[in-house]
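Enquirer: Here it is, the structure in full.
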Amino acid sequence: MKKYGKLIGASLGPGDPDLITRRAWAALQSGARWLYPVKKAEEASYALSIVERGGLAVPADAEALVFPMTRDAEILAKAWARAAARTVELLEEGRDLVFLVEGDASTFATFGHLARVVRELAPTVEVETIPGVSSFAAAAAATGTTLAEEDETLAVVPAAYGVEVIDHLLDEFDTLVLMKVKPLVDEVVDLLERRDLLATSCFVEKVGAPGERVVRDVAALKGEAVNYLSLMLVQNPKRARGELRRGCRKRKAAAAEAQPA
Ligand SMILES: C[S@@+](CC[C@H](N)C(=O)[O-])C[C@H]1O[C@@H](n2cnc3c(N)ncnc32)[C@H](O)[C@@H]1O
């Protein structure tokens, strides 16, 4: 049987190199070959920039994989197939690969899809995911937002579902994290205004990276072209809660007592 190198997805956190975990740092220095995502050939990689700011030199044989930002299914499919085929080709050399991931590798990340396609091409490839700090965890910390406490509910959604869906989710969740909010900022601001939630919402751009920006007056964002690396945290303190099933512990204790000794 072919002996492949291992494919490691190393989460690097959203921008501040101090948020790279020790495990990811060790993987970067393990001698594994680096792979990093770019949107276009020859374009800078955000994930790579986090590591560079952390003080690690980029190895001469580090290689970029192109993942275009498009909704064109044909272009996407071709790019994915090319990236996965190249990854398998490199794994066939027997050396481990560490794929650099911005934020957390299991959260809206290219790595999950890449690993899946690689496994389809080479089912015996070992895949390791190194977890990390997500953009919204860092944004919550940067803004002093508590995402959820006690029985509160939290949803993390791409804003692209549209304001009707967001409107509905505001009735179901105490906190919404709106990822990929860029194309919908104006519509979301209008919705927050209608629902009287401007005061409990904030916008965070490039958290942890040079140019980080926190905007608490989200209405001021209207008409602005924000960065793709941005999200909104929306809290709905007025949400009507459903009834909670309380006393589970008590019921368990009663059941245990009813058991014969
Ligand atoms: C493809 S997803 C990557 C998510 C990432 N894997 C994570 O764990 O947060 C890209 C979206 O994540 C959010 N994002 C990623 N990095 C960010 C940052 N440094 N600051 C603010 N938002 C960020 C934005 O909503 C952006 O549109």
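Enquirer: List the pair-distance distribution P(r) of segment 7-133, using every Cα-Cα distance, as the percent of pairs falling in each 5 Å bin from 0 up to the bin containing the longest distance, rounded to whole percents.
Expert: The calculated distribution, bin by bin, is 2, 12, 23, 26, 21, 12, 4, 1.
Enquirer: By its C-alpha gyration tensor, with a ≥ b ≥ c as the square roots of the eigenvalues, how is the chain shaped: rounded for a/c under 1.5, else prolate for a/b larger than b/c, else oblate?
Expert: On the way: a/c = 2.03, a/b = 1.32, b/c = 1.54.
Taking the square roots of the gyration eigenvalues as a ≥ b ≥ c, the chain is oblate.
Enquirer: Counting other beta carbons within 10 Å of each residue's own, what order do Leu244, Leu178 fall into, fewest first? Don't skip to the end; give the middle numbers.
Expert: Values: Leu244 9, Leu178 25.
Going from least to most buried by this count: Leu244, Leu178.
Enquirer: Right, another one. Quick one: net charge of Arg213's neighbours, Cβ under 15 Å, K/R +1, D/E -1?
Expert: Combined, the nearby Lys, Arg, Asp and Glu give -2.
Enquirer: Let me check against my output: what whole-number percent is the relative contact order of the chain, with C-alpha pairs under 8 Å and at least 6 apart? Numbers along the way, then the final one.
Expert: On the way: 442 pairs, mean separation 53.4, N = 261.
Relative contact order for the chain comes out at 20 percent.
Enquirer: Another one. Grab the DSSP H runs of the chain that are 4 residues or longer, score each as -39,500 (n - 2.57), total them, divide by all residues and round the 222 nm result to the nearest 500 deg cm²/dmol. Kindly include the intermediate steps, with their values, before the conclusion.
Expert: Numbers: 8 runs with 86 residues, N = 261.
That comes out to -10000 deg cm²/dmol.
Enquirer: Please give me the summed charge of the neighbours of Arg239: other residues whose Cβ is under 12 Å from its Cβ, Lys and Arg +1, Asp and Glu -1. Spell out each step's value before the answer.
Expert: Working: positive: Arg195, Lys238, Arg241; negative: Asp151, Glu152, Asp171, Glu172, Asp174.
Net charge around Arg239: -2.
Enquirer: Here is a further query. So for each of 124-132, 220-228 I average, over its residues, the number of other beta carbons within 10 Å; can you give me the resulting order with the highest mean first? Don't skip to the end; give the middle numbers.
Expert: On the way: 124-132: 17.1, 220-228: 12.3.
Result, highest mean Cβ count within 10 Å first: 124-132, 220-228.
Enquirer: Here is a further query. In the chain, what % of DSSP beta bridges are antiparallel (nearest 5)?
Expert: On the way: 13 of 34 bridges.
Close to 40 percent.
Enquirer: Specify which residue in the list Val66, Ala109, Leu121 is farthest towards the positive end of the charge dipole of segment 1-160, using unit charges on the beta carbon of Lys, Arg (+1) and Asp, Glu (-1), about the Cα centre.
Expert: Toward the positive end, the furthest listed residue is Leu121.
Enquirer: How large is log10 of I(q)/I(0) for segment 1-56 at q = 0.19 Å⁻¹ when the intensity is taken from the Debye formula with one equal scatterer per alpha-carbon?
Expert: Summing over Cα pairs of segment 1-56 leads to -0.71.
Enquirer: I've got another one for you. Would you tally the net charge around Trp80, using a Cβ to Cβ cut-off of less than 14 Å, leaving Trp80 out, and scoring K and R as +1, D and E as -1?
Expert: On the way: positive: Lys39, Arg71, Lys78, Arg82, Arg86, Arg116, Arg119; negative: Asp72, Glu74, Glu120.
Charge balance in the 14 Å sphere: +4.
Enquirer: Counting only DSSP beta bridges with both residues in segment 7-133, tell me the antiparallel percent, nearest 5. If you can, show how the numbers build up before the last one.
Expert: Details: 1 of 17 bridges.
The antiparallel proportion sits near 5 percent.
Enquirer: Largest first and in whole Å, give the semi-axes of segment 136-235's equivalent ellipsoid, each being the square root of 5 times a Cα gyration tensor eigenvalue. All intermediate terms of the calculation are to be shown ahead of the outcome.
Expert: Numbers: eigenvalues 68, 56, 27 Å².
Output for segment 136-235: semi-axes of 18, 17, 12 Å.
Enquirer: Among DSSP beta bridges whose residues both lie in segment 132-237, state the antiparallel percentage, nearest 5.
Expert: Values: 12 of 17 bridges.
If I count the DSSP bridges inside segment 132-237, around 70 percent turn out antiparallel.
Every read-out reported here was derived from the displayed coordinates using simple, explicitly stated rules and does not represent laboratory data. Note that the coordinates shown come from a computational prediction; the quantities given were computed from them, not determined experimentally. Note that we place each Cβ from the backbone using ideal geometry, even for glycine, and neighbour counts take in every protein chain shown.
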